[in-house]
Amino acid sequence: MQRSKNDVWVGLFVLIGAVAILFLALQAANLLNLSFQSTYRVEARFDNIGGLKPKSPVRSGGVVVGRVESITFDDKTFQAKVTLALESRYSFPKDSSMKILTSGLLGDQYVGIEAGAEDKELAAGDVVTATQSAVVLENLIGQFLYSKTAEGNTSSTGKK
């Protein structure tokens, strides 16, 4: 009887440990959102979203104010449509702008909101067009190499 009681406690302890590890893994991968706040949906259009993914955070001033709900492609404007679920307790002016930023040098990407100055506020269903696309590292390296190549060609011909 004593052995089976110990087995139950050990099994329960192992089960709680497995649930805790699963919870931490989902939190670390940004796949679990335990916010029970009501949200409103806003759409933003970007030329290039880089590596932005659904469930990525939306931040303003470093504070998470929402999540990316979905990403689709508009074949009429040839832009990415990003639907954002912003928490209702946060309101932003209608002329706010959005950027796709990166956490650190090579970290995950997120949407950053810079508040505008207009009196009207963003409401559910609004479309934000004042956006700045993601900075793609490959494009930056290509521009740098191209400028260095062009610089080398002018110096080798003797022109300044």
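The values are calculated or read from the model by the stated rules, or taken from the named source; none is laboratory data. Not measured: the values here are computed from a predicted model. Here Cβ is always computed from backbone atoms with ideal geometry, including for glycine, and neighbour counts include all displayed protein chains. Note: accessible area is taken over every heavy atom of the protein model, side chains too, but ligands, DNA and RNA are not part of it. Shrake-Rupley method; radii C 1.70, N 1.55, O 1.52, S 1.80 Å.
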Helix-only CD estimate at 222 nm, as mean residue ellipticity for the chain, using -39500 (n - 2.57) per DSSP H run (n ≥ 4): -10500 deg cm²/dmol
Where ILE49, ILE100 fall by accessible area, highest first, once all protein chains stay in place (1.4 Å): ILE49, ILE100
Accessible-area value, ASP95, 1.4 Å probe, nucleic acids and ligands omitted, Å²: 70 Å²
Largest to smallest accessible area among LEU22, LEU106 [probe 1.4 Å]: LEU106, LEU22
Whole-percent carbon and sulfur share, accessible surface of the chain, 1.4 Å: 60 percent
Acute angle (nearest 10 degrees) that the helix 137-156 long axis makes with the longest principal axis of the chain, alpha-carbon atoms: 30 degrees
Lys pairs, the stretch 41-160 - Cα-Cα below 30 angstrom, 8 or more residues apart or on other chains: 21
Accessible area expressed per residue, the stretch 7-139, with surrounding protein chains retained (probe 1.4 Å, Å²): 63 Å²
Choice from VAL136, VAL19, VAL128 showing the highest fluctuation, given a GNM over the chain with Cα pairs closer than 10 Å: VAL19
Projected label distance in nm at GLU151 and SER91, using a 7 Å step from Cα toward the beta-carbon: 5.0 nm
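How large is the convex hull of the C-alpha atoms of the chain per residue, in Å³? Don't skip to the answer; put the middle values down first.
Values: hull volume 32.7 nm³, N = 160.
Here the figure is 205 Å³ per residue.
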Computed E for LEU24/LYS53 - FRET, C-beta separation, R0 22 angstrom, nearest 0.05: 0.65
SER56 long-range amide H proximity, modeled H, under 5 Å: VAL68
List TYR40, TYR90, ordered by accessible area with a 1.4 Å probe, largest first: TYR90, TYR40
